1. Working only within the stretch 195-212, note down all residues that are within 14 Å of residue 229 (Cβ to Cβ) and either in a helix (DSSP H, G or I) or open to solvent by 10 Å² or more (accessible area, probe 1.4 Å) (or both).
2. Consider residue 189 against the criteria (1) open to solvent by 20 Å² or more (accessible area, probe 1.4 Å); (2) on the phi < 0 side of the Ramachandran plot: it satisfies all of them except one. Which criterion is unmet?
3. Quick one: what pairs do we get from the stretch 80-96, first residue within 18 Å of residue 130 (Cβ to Cβ), second charged (D, E, K, R) and open to solvent by less than 10 Å² (accessible area, probe 1.4 Å), C-beta under 6 Å, 6+ apart or different chains?
4. Mind counting the residues in the stretch 1-50 that are among the aromatic types (Phe, Trp, Tyr), in contact with a Phe, Trp or Tyr (Cβ under 7 Å, 6 or more places away or on another chain) and either surrounded by fewer than 17 Cβ atoms within 10 Å (Cβ to Cβ) or part of a helix (DSSP H, G or I) (or both)?
5. Looking at 131, 148, 180, 111, which is the one that is touching a Leu at 6+ places or on another chain (Cβ under 9 Å), more than 30 Å from residue 293 (Cβ to Cβ) and either assigned to a strand (DSSP E or B) or of a type in the set (Ser, Thr, Tyr) (or both)?
6. Taking the options 183, 208, 221, name whichever one is within 16 Å of the chain's Cα centre (by Cα) and either under 23 Å from residue 159 (Cβ atoms) or in contact (Cβ under 8 Å) with a residue 24 or more places away in the chain (or both).
7. Quick one: which residue in 258, 254, 235 is in contact with an Asp or Glu (Cβ under 7 Å, 6 or more places away or on another chain) and among the aromatic types (Phe, Trp, Tyr)?
8. Which condition number in (1) assigned to a helix (DSSP H, G or I); (2) touching a Gly at 6+ places or on another chain (Cβ under 9 Å); (3) free of Cβ contacts under 8 Å to residues at least 24 places away in the same chain is the one that residue 232 fails?
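The values are calculated or read from the model by the stated rules, or taken from the named source; none is laboratory data. Owing to the predicted nature of the structure, the values given are computational and were not obtained by experimental measurement. Please note: Cβ atoms are built from the backbone with ideal geometry, for glycine as well, and neighbour counts cover all protein chains shown. When the accessible area is computed, the model is the full protein with side chains, heavy atoms only, and any ligands, DNA or RNA have been set aside. Shrake-Rupley method; radii C 1.70, N 1.55, O 1.52, S 1.80 Å.
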Amino acid sequence: MPQLPAWCRDVAFLDGSAPIPIDRPFTAVEADVAGVAASLRRRLVAGGLLRPLLRGVFVASHVPDSLRLRVAAVELVLPPHVVVVDRTAAWVHGVDALPRSAIHEMPSLDLFSLAGSRMRRAGVRSGVRELLPRDVEEVEGVLITSPLRTTCDLGRLLWRYDALAAIDGFLRLGVDQRQLLTEVDRFKGHRGVVQLRHLAPLGDTGAESPPESALRLHWHESGIPVPPETQIWEYADDGTPRFRIDVGSREVRYGAEYFGEQFHDDDAGKHDDERLSWLRTRRAWMMDVFVREDCYGNELGAGDRLRAGFESARATYASRSVTIIDLARM
């Protein structure tokens, strides 16, 4: 493998000696012109010196993420007279709705032509979309569907587990859930409106990640007779907040946690084990742990496990409540 150039060898961050911009996004074409070919860009990304923003757009890793940065990235590859929609619009707004495959391959841009025709170009996903003037806003010169319209579109068009995650994300961003519920009827007859009508009332600002949203939807679909609560705090003996539970029911003290494998190294795993042990022994919670395959795999086994865990917790709650009382007296 060829040796790295001096300007990117043994450095923590790119500096002014780099031939590519270090303070703004740039395109693959710009990099090629500057002599930074695709093979070198891949090595810079792998080494943590660059990060991809969109397909064909990069930025130096030390540049902080921001709305302005994301808009600037979109502007570099945006054809004239288009509106940014769907997953790309969510990304610009700051909501995590990109496909899980984006970890390995940057997704296509979701764009709608104001001319009403489908765009046919590499790296662009397009289609016909009926947009009212209130559906579109301008963000630093870029036309993009509003947070409310983007919520409705993703709630209709994505797989239901990803759709609820998008709804949750936009509610955290500030979309009013009552306004969302009112807006649903506008899409009567459109593809996916039945799903949107079902998911919009389930939106919850407490879900902090798409997998937590998916886990909560599995709970709803499992037939458990009580709705799930999100971000349930448990407190230390002195009353200070100690740990939070992703999804659960205080009624029977049953909790469910999503563990992303890529974030659980030895130290994090040890902390998680200690947290779960404390919840089980000191606060008498029954806890189940779920991973990606449970929520997104071919079998979608999370619902059955949640239902079984809840039923077990309900059956043993009386005996565990004695433990709770005893611990409170200590």
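1. If the condition is that a residue be within 14 Å of residue 229 (Cβ to Cβ) and either in a helix (DSSP H, G or I) or open to solvent by 10 Å² or more (accessible area, probe 1.4 Å) (or both), then 202, 204, 205, 206, 208, 212 are the ones that fit.
2. Of the numbered conditions (1) open to solvent by 20 Å² or more (accessible area, probe 1.4 Å); (2) on the phi < 0 side of the Ramachandran plot, the odd one out for residue 189 is (2).
3. 85/110; 86/110; 86/153
4. To start, the set of residues in the stretch 1-50 that are among the aromatic types (Phe, Trp, Tyr) comprises 7, 13, 26.
From what's left, in contact with a Phe, Trp or Tyr (Cβ under 7 Å, 6 or more places away or on another chain): 26.
Filter once more, keeping what is either surrounded by fewer than 17 Cβ atoms within 10 Å (Cβ to Cβ) or part of a helix (DSSP H, G or I) (or both): none.
Residues that pass the stated criteria total 0.
5. Going through 131, 148, 180, 111 in turn, just one is touching a Leu at 6+ places or on another chain (Cβ under 9 Å), more than 30 Å from residue 293 (Cβ to Cβ) and either assigned to a strand (DSSP E or B) or of a type in the set (Ser, Thr, Tyr) (or both): 111.
6. On the way: 183 fails: within 16 Å of the chain's Cα centre (by Cα); 221 fails: within 16 Å of the chain's Cα centre (by Cα).
One residue alone meets the criteria, 208.
7. Working: 254 fails: in contact with an Asp or Glu (Cβ under 7 Å, 6 or more places away or on another chain); 235 fails: in contact with an Asp or Glu (Cβ under 7 Å, 6 or more places away or on another chain).
Answer to the check: 258.
8. (1)
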